[in-house]
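K.L.:
Can you read through this structure? Questions will come right after.
Read the figures in this text as sums done on the coordinates, not as results from a lab. From a predicted model like this one, the values you see are computed outputs, not experimental measurements. With ideal geometry, Cβ positions are generated from the backbone for all residues, glycine too; neighbour counts draw on all protein chains shown.
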Amino acid sequence: MIYKIAFLDRDGVINKSNIQSGYIGKIQHFKLVPGCIKTIKYLKLLKYKVVIVSNQSGIARGYFKISDVYKVHKHLQNILIKNNTRLDKILFCPFHKDGKIKKYRKSSKLRKPKTGMFQIINKIWKVDKNNSFMIGDQVTDMEFAKKSGIKGYLFREKNLYKFVKSINKIN
């Protein structure tokens with residue numbers, strides 16, 4: 001069986017990058033983008049697996065700990081569950097070749113635009129490349145999509161649901 005997968009970046013797509021550094025590692029800085037919950041419900045209704053794929057180099061840079069990221073993701077899932085939906089999977093890359101924290105200072109195939117996170121998902125659920133897509137707010141997200149063989153949509157809008165509804169190919 002093959003599955004339609006909606007790959008979503010986290011910072012800038014699911015939540016607003018609302019602090020100066022743009023590195024969101026604490027719950028108090030985590031604010032959902034308008035239309036986020038409605039988008040996830042909509043995609044699930046259309047039988048997509050909804051997956052976050054996120055570079056989290058703030059861990060390698062020493063801005064926050066990996067445990068902080070897990071807390072943010074648990075917080076996000078709890079919000080979604082209270083709204084009768086959920087993400088199917090959350091993947092992230094804590095590594096960066098210039099990181100301050102030795103344990104996380106390395107190049108990684110998980111770091112977008114490399115396709116390590118896509119490969120993980122493709123092992124869990126065989127990805128229907130013709131009907132799967134990536135929504136991200138960075139050029140690296142679009143490169144990830146292209147290298148993975150799926151469509152990529154650059155999100156620089158205010159409302160995620162309006163953006164997703166405007167994409168004619170999602171059905």
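K.L.:
Suppose the chain between residue 100 and residue 84 were pulled fully straight at 0.36 nm per residue; how much longer would it get relative to their current alpha carbon spacing?
P.N.:
1.8 nm
K.L.:
OK, next. Work out the FRET efficiency for residue 65 and residue 147 from their Cβ-Cβ distance, taking R0 = 25 Å, and round it to the nearest 0.05.
P.N.:
0.25
K.L.:
Then there's this: Give 65/158; 38/100; 38/112; 82/114; 26/82; 44/103 a once-over and call out the pairs whose C-alpha atoms are over 32 Å from each other.
P.N.:
38/100; 82/114; 44/103
K.L.:
In addition: On a C-alpha basis, how far is the centre of the stretch 127-171 from the centre of the stretch 35-61 in Å? Whole number, if you could?
P.N.:
Cα centres, the stretch 127-171 to the stretch 35-61: 11 Å.
K.L.:
Computed from these coordinates, which is Rg/Rh (Cα atoms, Kirkwood Rh): (1) 0.94; (2) 1.00; (3) 1.64?
P.N.:
Label (1) holds the value from this structure.
K.L.:
For the chain, what does the helix formula give at 222 nm: sum of -39500 (n - 2.57) over DSSP H segments with n ≥ 4, over the residue count, nearest 500 deg cm²/dmol?
P.N.:
It comes out at -9500 deg cm²/dmol, rounded to the nearest 500.
K.L.:
Additional query: Could you tell me which residue out of 80, 59, 33 lies farthest along the dipole of the chain toward its positive end? Charges go on the beta carbon: Lys and Arg +1, Asp and Glu -1, centred on the Cα centre.
P.N.:
Of the candidates, 59 comes out farthest on the positive side.
K.L.:
Moving on. Determine the gain in length on full extension of the stretch residue 123-residue 74; use 0.36 nm per residue of separation and subtract their C-alpha separation, reporting nm with one decimal.
P.N.:
15.3 nm
K.L.:
In what order do 140, 39 fall by count of nearby beta-carbon atoms within 10 Å, going from fewest to most?
P.N.:
140, 39
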